[in-house]
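> Just passing along the structure, written as structure tokens.
Nothing in this text is a laboratory measurement; each read-out follows from the coordinates by a stated rule. Nothing here was measured: the structure is a model prediction, and the numbers come from that model. Please note: Cβ atoms are built from the backbone with ideal geometry, for glycine as well, and neighbour counts cover all protein chains shown.
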């Protein structure tokens, strides 16, 4: 029985898990869960993740949620190349530092922008909230560009790691709703290109087609 | 040159780092940084953590922030007992799952309440009482939701978050829960399972060390908004 991943590609953490699993050709089965249709509330899914969130993982009788621990679990179980989650103490600390910071550092801000853009276009009240959300997002992007991304490299150093996957999927969220996060940010754009190249353009595009398609409607 | 930790005990993540380091008798030097006095903005501290946050760690030339990675770093460097951060794949996954969830799951909520009640930030403009009560009610709702989840989903019956033994997850959880508690919200009232878990954590860590870690916030009573809202 293979390891199962429960994903909705509209969700940032689902995309990082997807990219990681597919790039490494892991022996996993992807099951798509539609949040829009409330599939996370079914009794069947609640057995997998009582918190009713995606992504989730089922490995035999063992079930878990939370994308970063899931990727760490798979990295170790399937012995993926070291650079994804380095064993070296200080290299790992750098990767972990970003992974920890980003929950409050950007995750909240990128998602807000999308929700506001989708639900309340054009209303005066929304404009104010949107402005504040953009301010927060810009602050996050500044920090990512200036403090986290290493010159000419990736967040953890010279090679791509889980930190870059987690970062890119968050940044793509507001981007998909029409906010050009890369405009005027040469360093961020260059880093994005490196990530897309390291992951493979086809796989990157496949992971993001759901949100890019939704925004276009 | 020993490893240095930069902490302000008013901060939850600083307390979990402190508990972990002291319980394990790690060869570290604790340097207290006062957030209230803006010591995180000094040039000297910015070299340690350009994000200007505590806790931070300096190990020779290597500097880092973020409490959970810091504890993981120290656990491995000093080879602490396995239960803190288990090597077993699935046990570790359980611990990591809580550590990941809690950033948005509880960290925000407990902090908001503490800040509102203790009026900690210098220069925070006075909030109209009606707005404050409204915000407080919503923050309490969020906090209760978090505590429900922690009690029902995360804490294992008769044990700890990761299983039968205490781990970093319990330290991270307890310091967050103590934050609103210290501002007068009795989070343990009506929550027998949570209270029992708390006692187990205090016992595992040692009451003296636990009290030492929390004396700063338990004495942070000066509050204009706290008085207006009423303590408790």
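> If a/c stays under 1.5 just call it rounded; otherwise compare a/b with b/c (prolate if a/b is bigger, oblate if not). Do that for chain B, with a ≥ b ≥ c from the square roots of the Cα gyration tensor eigenvalues. Show your work: numbers first, answer last.
Values: a/c = 1.95, a/b = 1.15, b/c = 1.69.
Verdict is oblate for chain B.
> What fraction of the DSSP beta bridges in chain B is antiparallel, stated in percent and rounded to the nearest 5?
Details: 7 of 12 bridges.
Once the DSSP bridges in chain B are tallied, antiparallel ones form about 60 percent.
> Over all residues in B:68-75, what is the mean tally of Cβ atoms on other chains that come within 10 Å of each residue's Cβ?
Working: counts 4, 10, 4, 0, 5, 6, 0, 0.
Mean partner-chain Cβ count within 10 Å for B:68-75: 4.
> Under a 10 Å cutoff between Cα atoms, tell me which one of B:78, B:114, B:62 has the largest fluctuation in the Gaussian network model of chain B.
B:62
> Residues of A:59-66, mean number of Cβ from any other protein chain within 10 Å of their own Cβ, rounded to a whole number?
Working: counts 3, 1, 1, 4, 1, 6, 4, 9.
Counting other chains' Cβ atoms within 10 Å and averaging over A:59-66 gives 4.
> Would you calculate a helix-derived [θ] at 222 nm for the protein assembly as shown, using -39,500 (n - 2.57) for each DSSP H run of n ≥ 4 and dividing by the full residue count, to the nearest 500?
Details: 19 runs with 242 residues, N = 449.
Theoretical 222 nm ellipticity from helices: -17000 deg cm²/dmol.
> Could you tell me the center-to-center distance, by alpha carbons, between the stretch A:134-151 and the stretch A:59-104 in angstrom?
Spelled out, the Cα-based centre of one part sits 22 Å from the other.
> Determine the shape class of the protein assembly as shown: with a ≥ b ≥ c the square roots of the Cα gyration tensor eigenvalues, call it rounded for a/c under 1.5, and otherwise prolate if a/b is greater than b/c, oblate otherwise. Before the final figure, lay out the partial values.
Numbers: a/c = 1.33, a/b = 1.22, b/c = 1.09.
Rounded.
> Ranked from highest to lowest mean number of other Cβ atoms within 10 Å per residue, what is the order of the peptides A:65-73, A:33-41?
A:65-73, A:33-41
> Would you mind computing, in nm to one decimal, how far apart the modelled labels at residue A:151 and residue B:2 are, each placed 7 Å from Cα along Cα→Cβ?
Output for this residue pair reads 3.6 nm.
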